[in-house]
Structure formats: structure tokens, C-alpha cells
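The values are calculated or read from the model by the stated rules, or taken from the named source; none is laboratory data. Keep in mind that what you see is a predicted model, and the values were worked out from it rather than measured. Glycine also receives a Cβ, built like all others from the backbone with ideal geometry; neighbour counts cover every protein chain displayed. Accessible surface is based on the protein model in full, side chains and every heavy atom, while ligands, DNA and RNA are left aside. Shrake-Rupley method; radii C 1.70, N 1.55, O 1.52, S 1.80 Å.
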Amino acid sequence: MRGYILRRVLALIPTLIFASLIVFVTIRLMPGNIIDLMLSQNDVSASKQTREQLEAALGLDTPMYVQYFKWLGALVFKGSLGNSLWTNTPVMDEILHRLPITFELGIMALLVSLVVGIPIGVYAALKQDTIGDYILRTFSILALAIPGFWLGTLVMVFPSIWWGWSPSVRFIPFSQDPIGHLLQLALPALILGKAFSAITMRLTRTLMLEVMRQDYIRTAKAKGLSVGTIVMRHALRNALIPVITLVGLQAGALIGGAVILEQIFVIPGMGLLLLEAVGSRDYPTITGVFLVFGVAIVFINLLVDLSYGFLDPKVRNR
Amino acid sequence: MSKPLLQVRNLTTKFGNGPGAVTAVNNVSFDVDAGETLAIVGESGSGKSVTALSILQLVPDPPGRITGGEIVFDGIDLTKLNEDEMRAIRGNRIAMIFQEPMTSLNPSLTIGLQIGEPINLHKRLPWQKAYDKAKELLDRVRMPDARSRLANHPHQFSGGMRQRIMIAMALACQPKLIIADEPTTALDVTVQAQILELLKELTRETGSALILITHDLGVVARYADRVCVMYGGKIIETASALDLYAKPLHPYTRGLMASIPRLDQPAGLRLVPIKGQPPNLAQLPPGCSFNPRCGEVAERCRRDVPELMKADDKHMHACWMAPHV
Ligand SMILES: Nc1ncnc2c1ncn2[C@@H]1O[C@H](COP(=O)(O)OP(=O)(O)OP(=O)(O)O)[C@@H](O)[C@H]1O
Ligand code: SF4
Ligand SMILES: [Mg+2]
């Protein structure tokens with residue numbers, strides 16, 4: 001098992017190098033580069049002289065491949081993602097600061113999607129083709145169709161117009177006020193989890209219908225077990241194995257959704273960091289954030305694969 | 001004589017509604033005495049499994065439902081019980097063994113749990129005791145190394161071993177009746193005989209009655225006391241196993257007999273399968289449903305439906321042309 005994990009992690013390296021290369025190059029090709037931005041902000045007329053000085057100071061005067069290998073070398077040998085071009089502080093520090101917040105938001109959204117999606121999916125499967133099943137399926141399509149950013153904007157705007165209340169835009173750290181902190185994250189987590197709970201529900205329903213047709217469920221019925229025991233002990237575990245895969249497949253979309261909702265709810269996580277960095281063309285920060293997202297997605301999928309071992313005895317005994 | 005353990009009377013089970021509806025079990029009646037082995041024989045699609053599932057009230061609904069008849073078990077009509085009352089009987093007083101050992105066990109649960117489950121449920125024994133019983137049961141079905149195998153999962157066993165596990169599971173609560181639906185069809189020929197011997201021996205020990213469903217008349221001869229032959233959802237002949245072998249009366253039964261390999265037959269002699277297709281239940285011919293395939297068909301067979309009639313006290317058949325009183 002340890003060898004398997006090691007091999008998976010090693011196989012990840014070329015992928016990440018390739019991905020970082022693409023990010024590294026494309027952000028530098030974005031129109032409006034950082035030098036223009038800095039010069040315009042400092043209200044200095046863009047004389048040729050200062051432009052070249054600035055480029056040299058930021059290390060942007062060398063060819064792109066040189067810049068890339070320098071960056072890669074610092075990452076491999078010093079574990080450094082470089083410094084922010086604006087603040088000159090290490091990108092790694094900023095990311096380590098922001099990552100837990102996004103992680104928390106993602107986990108909460110995931111919990112919402114599983115806690116809502118799985119029971120409703122099971123219920124809809126057991127009541128297949130009844131009114132209840134149709135209503136739940138219709139709701140799930142609605143939940144999928146309503147965009148999270150739209151809902152998030154509504155939540156930010158309308159309560160303040162109607163009741164003079166709006167979600168706090170000042171971030172409440174967990175250490176200061178744990179409950180306030182969790183409440184602040186709850187709304188974006190609900191909105192982020194909404195679409196995933198709809199997908200989870202539909203998948204759970206389909207899989208439960210499939211499992212309930214299996215011969216071993218008939219055996220369980222022939223033993224005299226109640227529907228509750230059959231579902232909890234015999235069906236759910238087998239139905240949930242693919243649901244776990246879904247979690248892995250959705251990891252990327254979850255991160256993408258978090259980026260948008262952090263922006264709307266002003267939550268200082270990785271998403272907000274990325275948007276700020278893109279706005280200010282802070283190349284090392286952008287590359288660093290994408291790299292961490294990439295690593296996160298790969299690790300989530302590794303965890304998913306490993307969790308099969310616990311759910312599926314055929315894999316465990318291999 | 002005491003009352004039979006199970007009396008099935010005019011059982012009818014249908015699938016679907018309207019013109020496409022199919023009568024999978026059509027007005028079927030039979031008895032099973034305590035401790036005896038009754039074989040139900042017939043081609044694929046003749047309604048054997050549906051009969052078995054009807055007894056346990058496990059016909060998948062929709063599309064299936066029991067539309068008529070009584071199933072009196074130990075003095076209780078099972079068709080009148082509610083789901084909770086029925087659950088108390090399933091796995092406890094009537095147990096079932098299914099045809100497909102490879103898929104009938106839950107792949108993600110240990111076999112100890114799966115065998116202990118009915119004991120825990122019906123006998124209200126704590127899990128630890130249920131596992132101890134499960135171990136004894138595995139010993140009884142001759143599973144080597146029973147104690148350590150309790151923790152194994154189904155995929156670690158061969159088909160024959162899995163069917164032993166199914167038998168252990170069926171025996172768990174010492175049921176009065178075990179229904180075995182083609183328990184050996186999916187297994188190797190050599191394993192088939194072992195499993196049937198085991199089943200026969202264990203039911204003899206516990207005094208359980210056995211309904212043995214098969215399409216193999218050869219099996220019937222060795223293991224059954226009495227036989228019902230089914231065709232197109234109906235019982236078309238019933239007799240003691242000995243009688244049926246000595247003088248099969250219905251042309252369909254005789255056709256089945258002719259298709260069994262016999263040891264006293266010269267080697268190389270071709271078996272004669274019954275010509276024609278099993279009937280389409282949605283479009284049965286008028287009169288006797290066997291008439292398109294029957295070699296002795298007469299005019300009356302295309303007009304009137306033959307019901308079971310007596311040839312003698314214990315031997316009944318549904319054929320106009322066979323001798324009857
Ligand atoms: N779930 C179902 N849905 C619809 N029709 C069914 C269903 N199960 C059985 N039937 C109908 O009942 C008929 C009898 O099926 P049954 O399973 O009892 O046959 P069988 O005698 O057990 O055959 P086999 O030897 O193949 O197991 C089938 O031909 C089919 O038309
Ligand atoms: S009733 Fe007629 S058709 Fe039917 S089995 Fe007897 S002889 Fe054949
Ligand atoms: Mg069958």
C-alpha cells in the first residue's frame with residue numbers, strides 16, 4: 001500500500017511541472033503586464049529608463065525559460081514559490097495563511113452536499129416514481145440550474161435592501177469568534193454545496209435503484225430484514241462507492257466555485273488571493289495558487305482511491 | 001393424517017396490467033408435508049421461481065402481484081399477513097436458497113455477519129453469540145477452518161463454497177421449510193451432487209421440509225419424495241417421485257424423461273429434447289397450452305383447457321389423452 005501511494009505521488013510530479021509551465025507562460029501573455037500597472041499606479045511617466053530598471057528589479061528582464069527554471073529551481077531546492085512582486089513577501093506564507101480558510105469552506109460545502117444529497121437520494125430511490133420522487137428530482141434540477149454566483153449576489157444584496165441586514169464583509173477569524181466565523185462561512189458553504197448536493201442526490205438515487213435490484217438485496221429480504229436495515233447495512237455501502245468517486249471528480253469544480261463565492265462574500269481564502277493576484281498581475285502568486293490547487297485536486301483523488309480500500313473488500317484484500 | 005405444513009391453493013401471480021399482463025403462476029395448488037422434499041420441475045419460464053417468491057411474498061411489486069389463492073403455512077394464510085408479520089416468518093420459519101451463489105451474497109459484508117444476521121434478528125441473540133452460531137453452522141456445512149473464515153468476504157470463496165454459505169444461512173433459525181430455487185444450476189457437475197447431498201442430509205437432520213426447484217428430472221429421482229411438474233405457469237402433473245418415474249403420464253413429462261441421460265442407456269444415444277419453444281405466457285394457445293408441441297394432440301386439446309385430474313389416488317395430470325378416472 002505504501003508503495004502504491006509513493007508511486008501515485010511520483011507520477012504526479014510530471015503532471016504538476018507541465019501544469020505549472022502552462023500557467024507560468026499564459027499569465028505572462030495576459031494583456032496588460034505588471035510593469036504597466038506599477039508605472040501607472042505610481043504615476044510615473046513610463047520612461048524607457050524606469051521600465052527597464054523595474055523589469056530588472058523584478059527579474060522579468062531575462063527570457064521566459066530562464067525565469068521558469070529559476071522559479072522551478074527555487075521550488076525544488078528551497079521549497080519556495082518566490083516572492084510577491086508587489087509586497088516582496090514569500091508567496092508560500094500568504095498561501096499557508098489563506099489555504100485553511102478555503103479548505104474549511106470546501107469541507108463545509110462537501111458536508112452540505114453529502115448530508116443533504118445522500119439521504120434525499122436514498123429516499124427518492126425507495127419511493128421511485130411517486131409524487132415525492134418527482135418533487136425531489138425537480139428540486140434537484142432547480143438547484144443545479146440556479147448559478148451559485150447569482151444566488152450569492154442576491155443574498156448579499158436583497159436582505160440589506162429589505163431588512164437592512166447583510167452578511168459581514170469583515171472576516172471573522174475562528175480564534176476571535178468561533179461561532180461568528182462558522183456562521184459567516186455557512187452561507188457561502190450552503191450555496192457552494194447546493195449544486196453538489198443535487199448531483200450527489202441524483203447519483204445516489206440512481207445507484208440505490210441499481211443496488212436494490214441486486215440478488216443480495218433479495219437474499220436480505222428473504223432473511224426478514226426490515227427496509228431500514230437493508231438500506232443501512234446492505235445497500236448504502238455498495239451504493240456509496242461511486243459517490244465517493246464523484247467527490248474526487250467534483251474537487252476541481254468545488255475549488256472553482258469557492259473562488260467565486262469568496263469574492264462575493266469577501267472571504268480571504270485562496271480564491272480571493274487568486275483574484276487579487278490576477279488583478280494586480282502578481283505572477284508568482286498566481287502560479288503558486290494554481291500549483292496548490294493542482295496538488296489539492298490530485299491529493300483529493302488519491303484519498304478517494306485509497307478510501308475504496310475501506311469500502312470495497314475486493315480492493316482491500318488485493 | 002395430520003395437516004400438511006404448507007398448503008398452496010389456487011395460487012395465481014401476475015405481472016403487469018391490461019392486455020400485456022402475464023400470468024406467471026396460474027391457479028397452482030400443492031401441499032408440502034412436514035419434513036418431506038417436494039420437487040418442482042419445469043423448463044425455464046414455467047413459473048417455478050415466481051411460485052417460490054409468492055410463498056415468501058417477495059414477488060417484485062410492481063410489476064408483479066398475487067391476484068388470488070391461499071398459501072396456508074402452519075395454519076396461517078400468508079397472503080393475509082402484513083409486511084411485519086411476514087418478515088417475522090422469512091428467514092425464520094421459511095428460508096430460501098437462491099440460484100446464483102455468486103451474486104446472492106453481499107460482496108461488502110463478511111460471511112459471519114451474513115450468516116449471523118437472521119439469528120441476531122429472529123432469535124434476538126447478541127452479535128457475539130450469533131457469530132458463534134454462525135461458526136457452528138459453517139462447521140455443519142463442512143466449511144474447513146470455519147472460525148477464521150467468518151471474517152472473509154464472499155469473493156474469497158468458490159461458487160460451491162458460497163452455496164454452502166447460503167445453506168448455512170438458510171439453516172440458521174432451523175426453519176420448518178426451506179425453499180431451494182435451483183441451488184446447483186450455476187455449479188460444476190461434481191459440486192452439484194455434493195451440495196444436494198449436503199442439503200438433503202441437513203434437512204433430514206433438522207426435520208425441515210424442502211421445496212427443491214430444478215429443471216433436472218435426474219435430481220428429482222434421487223432427492224425428492226414427491227414431484228410437481230410445471231408448464232406455462234400451471235402444474236401439469238404431480239405424483240410421488242417413484243410413481244412419476246415408473247409411469248409418467250403427461251406427454252410433457254414423458255418428453256422431459258426422454259431428455260435425461262440414463263446410465264442404462266447405450267452410450268452415444270442422442271437425447272431427445274422436447275421439440276418447439278416454451279410457451280409465450282402472454283399468448284397462450286386455446287385449450288391445452290402444450291398442444292403446439294404435443295405429439296398426441298387431439299381435437300379436444302385445442303378447445304378445452306385440461307385441469308388436473310386423477311389417474312389414481314396420488315397421481316394427477318392435466319392431459320385429456322392420458323388415462324384418468
Ligand atoms: N420481475 C418480473 N417481471 C416481469 N415478468 C416476470 C418477472 N419475473 C418473472 N416474470 C415472468 O414470469 C415467468 C416465469 O418466471 P420464473 O422466474 O418463475 O421462471 P422459472 O420457472 O423460475 O424459470 P428458470 O428455470 O429460468 O428460473 C417468466 O417467463 C416471466 O414472463
Ligand atoms: S391435453 Fe392434448 S395437447 Fe395437452 S398434453 Fe394432453 S394430449 Fe397433448
Ligand atoms: Mg427460476
- [ ] Could you work out, residue by residue across A:206-217, how many beta carbons of other chains sit within 10 Å of that residue's beta carbon, and then give the average as an integer?
- [x] 2
- [ ] Could you give the size of the charge dipole of region A:157-300 about its Cα centre, using +1 on the Cβ of each K and R and -1 on the Cβ of each D and E, expressed in debye and rounded to the nearest 20?
- [x] 860 debye
Task: For B:116-125, mean number of other protein chain Cβ atoms within 10 Å - done: 2
- [ ] Go ahead and set up a Gaussian network model of chain A, Cα springs under 10 Å, then flag whichever of A:VAL211, A:VAL157, A:VAL91 fluctuates most.
- [x] A:VAL157
- [ ] With springs only between Cα atoms under 10 Å apart, run a GNM on chain A and tell me which of A:GLY252, A:GLY82, A:GLY279 wobbles the most.
- [x] A:GLY279
Task: Pairwise Lys count, region B:98-212 - Cα closer than 20 Å, eight or more residues apart or different chains - done: 5
- [ ] Describe numerically, in nm with one decimal, the distance between label points set 7 Å from Cα along Cα→Cβ at A:ASP215 and at A:ILE241.
- [x] 1.6 nm
Open item on the list: Given the options A:ALA253, A:ILE267, A:LEU207, identify the residue whose Cα lies farthest towards the positive end of the charge dipole of chain A (+1 on Cβ of Lys, Arg; -1 on Cβ of Asp, Glu).
Closed with: A:LEU207
Task: Listed peptides A:305-313, B:240-248 by packing density, highest first (mean Cβ within 10 Å) - done: B:240-248, A:305-313
Open item on the list: Tell me the accessible surface of A:TRP86 in square angstrom (1.4 angstrom probe, heavy atoms of protein chains only), to the nearest ten.
Closed with: 90 Å²
- [ ] Mind ranking B:204-211, B:20-27 by how tightly packed they are, going by the mean number of other C-beta atoms within 10 angstrom, highest first?
- [x] B:20-27, B:204-211
Task: region A:152-193: C-alpha gyration tensor shape, a/c 1.5 cut-off, then a/b vs b/c - done: oblate
Open item on the list: Going Cα to Cα from B:LYS234, which aspartates and glutamates come in below 13 Å? Please leave out same-chain ones fewer than 8 positions away.
Closed with: B:GLU43, B:GLU307
Open item on the list: Could you work out [θ]222 nm for the protein assembly as shown from helices alone, using -39500 (n - 2.57) per DSSP H run of at least four and dividing by all its residues? Round to the nearest 500 deg cm²/dmol.
Closed with: -17500 deg cm²/dmol
- [ ] With a Förster radius of 30 Å, plug the Cβ-Cβ distance of B:LEU81 and B:LYS123 into 1/(1 + (r/R0)^6) and report the FRET value to the nearest 0.05.
- [x] 0.90
Task: chain A, dipole about Cα centre (Lys/Arg Cβ +1, Asp/Glu Cβ -1), debye to the nearest 20 - done: 1600 debye
Open item on the list: With a 1.4 Å probe and all protein chains left in place, how much of the accessible area of region A:96-316 comes from carbon and sulfur atoms, in whole percent?
Closed with: 74 percent
Task: Accessible heavy-atom area order of A:TRP163, B:TRP127, highest first, probe of 1.4 Å - done: A:TRP163, B:TRP127
Task: Solvent-accessible area of A:TYR65 with every protein chain in place, 1.4 Å probe, in Å² to the nearest 10 - done: 150 Å²
- [ ] Go ahead and set up a Gaussian network model of chain A, Cα springs under 10 Å, then flag whichever of A:LEU207, A:LEU190, A:LEU96 fluctuates most.
- [x] A:LEU96
Open item on the list: Tell me the per residue accessible area of the protein assembly as shown using a 1.4 Å probe; a whole number in Å² is fine.
Closed with: 49 Å²
Task: Of B:GLN283, A:LEU10, B:GLN99, farthest towards positive along the dipole that unit charges on Lys, Arg, Asp, Glu beta carbons give the protein assembly as shown - done: B:GLN99
- [ ] Rounding to the nearest 20 debye, state how big the charge dipole of chain B is about its Cα centre with +1 on each Lys and Arg Cβ and -1 on each Asp and Glu Cβ.
- [x] 240 debye
Open item on the list: Need one value for A:223-232: mean number of C-beta atoms belonging to other chains within 10 Å of its residues' C-beta atoms.
Closed with: 5
TODO: Rounded to the nearest 100 Å², what's the accessible area chains A and B bury against each other, both chains counted, probe 1.4 Å?
DONE: 2100 Å²
TODO: Enumerate lysine pairs in region A:96-316 that are 8 or more residues apart or on different chains, then count those whose Cα atoms are under 28 Å apart.
DONE: 5
Open item on the list: Relative contact order for region A:96-316: what percent, with Cα pairs under 8 Å and sequence separation of 6 or more?
Closed with: 28 percent
TODO: Rank these by accessible area, largest first, 1.4 Å probe: B:VAL141, A:VAL76.
DONE: A:VAL76, B:VAL141
